[in-house]
Amino acid sequence: MGFILGLAANRLAAPEPGIERVLRVDTVRVTRPVPRDSVVLRHITVTKADTVLTVTQVHYVDTAYEAWVSGIEPRLDSLRLLRPVTAIVPPSPPARRWHLGVTAGVGITPRGAEPYVGIGLTYSFFSF
């Protein structure tokens, strides 16, 4: 039973022939992150000026990122995340070379060159 389930899962995961998987990088830019939480880690006292400096740790969280910043008056200026994303690209249809359509031009007849309008079969050497 497990063997059959494994084969079925492998067939579902494997792409069809001709389908290409392309690895791209998705960029998430957060210009003004908002802090969710902050914690005072310790106080530093400078003895010459009797100044107390507070070392704080700030926690920034969103659905796309999580960042911790520590220091004196910490602030996260910007955050950029690069996440790999696998894109499945369907195969392009094969180029069709033969076409049937209305054609116009000049035809050579026993009476000489005359205008011609009709249905014609054409073969395309290249497309643009």
Scan region 87-111 residue by residue and report those that are closer than 30 Å to Arg21 by Cβ and not in a loop (DSSP other than H, G, I, E, B).
Ala87, Ile88, Val89
What's the total number of residues in region 38-64 that are among the aliphatic types (A, V, I, L, M) and closer than 18 Å to Arg75 by Cα?
7
Taking region 82-124 only, how many residues are surrounded by 10 or more Cβ atoms within 10 Å (Cβ to Cβ) and out of contact with any strand residue (DSSP E or B) (no Cβ under 8 Å at 6 or more places or on another chain)?
1
Every residue in region 41-72 that is among the hydrophobic types (A, V, I, L, M, F, W, C) and closer than 30 Å to Arg83 by Cα, please.
Val58, Val61, Ala64, Ala67, Trp68, Val69
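Read-outs throughout are calculated quantities, based only on the coordinates presented, and are distinct from any laboratory measurement. On a predicted model such as this, the values are computed, not experimentally measured, just so you know. As a convention, Cβ positions derive from the backbone with ideal geometry for all residues, glycine included, and neighbour counts pool all protein chains shown.
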